[in-house]
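Written below as structure tokens is the structure these notes are about.
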Amino acid sequence: MENDIITFQDLNLNTPLYNALDDLGFVSPTPIQQESYSIVSSGRDVVGIAQTGTGKTFAYMLPILKNLKFSTQENPRVLILVPTRELVVQVVDEIEKLAKYINVRVLGVYGGTNINTQKRAVADGQDIIVATPGRLFDLAVSRVLQLKSIQKLVIDEVDVMLDLGFRHQLLNIFDILPERRQNIMFSATMTEDVDELITDFFTKPERVTIAVSGTPLENINQQRFNVPNFYTKVNLLEHLLSDRDTFNKVLIFVAYKKMADRLFDQLEERFNSESCVIHSNKTQNYRLRSIEQFRAGDNRILIATDVMARGLDIDNISHVINFDTPTFPENYMHRIGRTGRAEREGQSLVFSTEKEQDAIETIEQYMEMQISIQSLPDSVDISKELIEEERPQIREHNNPHKRKEDDAPGPAFHEKSEKNSKENLGGSYKFKIAAKYKKPKTRGDKNYNKRNKKK
Ligand code: AMP
């Protein structure tokens with residue numbers, strides 16, 4: 001009788017890979033690994049929609065490593081592009097674990113570090129390069145890194161990549177890659193930008209989708225609080241965080257950088273050395289240090305923006321706290337997916353103001369479930385004080401004190417950009433998503449709007 005349980009034995013791997021998987025203690029491929037394996041192996045272009053935590057790194061690395069022949073040639077044959085330096089480190093680490101018994105040379109390169117050291121490492125000869133787009137391009141332009149032998153291009157976290165404004169860099173890289181290559185792309189969400197990139201550069205890609213609403217939800221206990229404003233949210237947060245035993249490893253999400261800093265300042269007063277913060281304005285060293293301190297448990301609280309925290313793989317997060325309510329349910333799913341990993345029970349809390357009620361409703365529709373509402377504990381003070389974004393807005397032209405666009409408040413407070421509000425008759429995804437959620441589903445985050453204004 002056919003057995004329902006699929007193990008790695010069913011994937012026809014090879015001994016070195018089986019040994020590495022044994023060492024890791026992995027027995028069954030995750031759904032995205034099962035589904036991607038034969039497609040990636042076939043050599044066709046692939047678009048995988050899967051969030052971090054689903055095992056997507058191995059989903060592309062298992063077939064790549066299985067099929068990569070030993071070589072002594074200097075030029076790399078596999079190029080993996082990821083949006084952040086943290087992810088370069090993480091992906092290299094994963095590959096090294098999986099390739100423990102394979103003679104393969106893997107190098108991670110990213111900006112903000114000495115390029116000459118990386119040039120020397122490239123010149124030693126590599127099989128697989130994991131890179132952020134900017135540094136990769138610099139190395140290629142310097143001619144130290146030859147891309148003419150690249151057979152497989154993996155772009156991981158494409159949605160984040162495009163959010164961070166790497167589109168042009170990606171196109172520049174495509175220009176210098178051999179035309180005959182396999183494109184493998186993974187994205188946690190399907191956005192209009194991602195759809196456009198696929199249409200323009202991929203050849204009849206196979207799509208592999210792992211339903212976002214699948215796995216993680218069962219492991220995650222979700223609760224929501226209705227909270228009138230920022231300072232009351234801070235009060236509630238402080239109340240919760242004072243229970244150090246229960247809230248022992250807490251990842252707090254906020255929509256944008258300024259809010260991250262503002263919240264960090266608030267928490268500093270009370271939780272001095274216990275909290276740290278990451279967003280794209282912080283230096284590379286600062287971010288790495290924060291992540292390490294949080295991972296190691298030296299800091300109990302990490303405040304992060306969506307894009308910065310998306311790819312992070314940190315174990316044993318006790319609580320994800322959505323300090324704001326994301327407008328797009330996919331972002332909410334990403335956030336809460338940071339807890340409740342590896343079969344462990346996770347806890348997620350979301351704070352919503354009056355303005356954020358639509359967003360929480362959309363999230364509930366998306367998950368097809370209600371999040372149970374908790375009332376504010378009596379000891380939490382309701383603040384009357386409002387932050388700048390909460391005050392009634394007076395629109396002025398040419399006001400030199402106006403907030404910079406890249407630090408604009410999250411989507412709930414946004415006007416639609418011109419392009420965003422236009423009917424796009426070309427995008428098939430938009431129609432599907434619109435029919436599903438009633439509301440237009442372009443990426444309404446700040447970066448989306450920012451990019452389109454610049455165009
Ligand atoms: P990723 O989605 O690639 O970030 O992977 C999330 C985590 O799951 C990583 O720590 C992997 O090492 C782990 N992982 C990947 N594949 C499996 C598997 N088949 N079984 C158990 N854990 C896995």
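Residue count for segment 18-48 under the criterion of being open to solvent by less than 20 Å² (accessible area, probe 1.4 Å) and away from the ligand (no atom under 12 Å from the Cβ): the result is 4.
Just to check your reading of the model, which residue among Gly134, Gly112, Gly165, Gly125 is open to solvent by 10 Å² or more (accessible area, probe 1.4 Å) and closer than 19 Å to Pro76 by Cα?
After applying the criteria, what remains is Gly134.
Go through Asn183, Asn221 for me and flag whichever is surrounded by fewer than 21 Cβ atoms within 10 Å (Cβ to Cβ), in the same structural domain as Glu268 (by TED's automatic domain parsing) and touching an Asp or Glu at 6+ places or on another chain (Cβ under 8 Å).
Answer to the check: Asn221.
All conditions in (1) open to solvent by less than 40 Å² (accessible area, probe 1.4 Å); (2) closer than 21 Å to Ile129 by Cβ; (3) not β-branched (Val, Ile, Thr) hold for Glu74, with the sole exception of (1).
Of all residues in segment 60-77, those that are within 15 Å of the ligand (Cβ to nearest atom) and among the charged types (D, E, K, R) total 1. If you go through segment 279-292 and keep only what is in contact with a helix residue (DSSP H, G or I) (Cβ under 9 Å, 6 or more places away or on another chain) and buried (at least 18 other Cβ atoms within 10 Å of the Cβ), you end up with His279, Lys282, Arg287, Ile291.
Does Glu368 qualify as being modelled with pLDDT under 90 and in contact with a Lys or Arg (Cβ under 9 Å, 6 or more places away or on another chain)? Answer is no for this residue. Considering only residues of segment 78-97 that are within 12 Å of the ligand (Cβ to nearest atom) and within 18 Å of Asp23 (Cβ to Cβ), which is surrounded by the fewest Cβ atoms within 10 Å (Cβ to Cβ)? Top of the filtered list is Glu96.
This table checks each residue for (1) surrounded by fewer than 19 Cβ atoms within 10 Å (Cβ to Cβ); (2) more than 16 Å from the ligand (Cβ to nearest atom); (3) outside the structural domain of Leu237 (by TED's automatic domain parsing).
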| residue | (1), (2), (3) |
| --- | --- |
| Leu263 | no, yes, no |
| Glu269 | yes, yes, no |
| Val277 | no, yes, no |
| Asp315 | yes, no, no |
| Phe323 | no, yes, no |
| His334 | no, no, no |
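Scan segment 152-168 residue by residue and report those that are of a type outside the set (Lys, Arg) and out of contact with any Ser or Thr (no Cβ under 9 Å at 6 or more places or on another chain). Result: Leu153, Val154, Gly165, His168. When Thr54 is tested against (1) of a type in the set (Ser, Thr, Tyr); (2) part of a loop (DSSP other than H, G, I, E, B); (3) at pLDDT 95 or above, just one condition goes unmet, and that condition is (3). Taking each residue of segment 234-247 that is closer than 15 Å to Gln347 by Cβ and looking for partners that are basic (Lys, Arg) and crowded, with 17+ Cβ neighbours inside 10 Å with beta-carbon atoms closer than 9 Å, six or more apart or interchain, yields Leu241/Arg300; Arg244/Arg300; Phe247/Arg300.
Taking the conditions exactly as written (more than 15 Å from the ligand (Cβ to nearest atom), touching a residue at least 12 places away in the same chain (Cβ under 8 Å), open to solvent by less than 70 Å² (accessible area, probe 1.4 Å) and not polar (S, T, N, Q)), does Gly55 satisfy them or not? Considered against the rule, which asks whether it is more than 15 Å from the ligand (Cβ to nearest atom), touching a residue at least 12 places away in the same chain (Cβ under 8 Å), open to solvent by less than 70 Å² (accessible area, probe 1.4 Å) and not polar (S, T, N, Q), Gly55 comes out as no. Checking each residue in segment 353-372 for being in contact with a strand residue (DSSP E or B) (Cβ under 6 Å, 6 or more places away or on another chain) and open to solvent by less than 10 Å² (accessible area, probe 1.4 Å) picks out Ile360, Ile371.
The values are calculated or read from the model by the stated rules, or taken from the named source; none is laboratory data. No experiment lies behind these values; they were computed from the predicted model shown. Note: ideal-geometry Cβ built from the backbone for every residue, glycine included; neighbour counts use all protein chains shown. Keep in mind that these areas ignore ligands, DNA and RNA; they rest on the heavy atoms of the full protein, side chains included. Shrake-Rupley method; radii C 1.70, N 1.55, O 1.52, S 1.80 Å.
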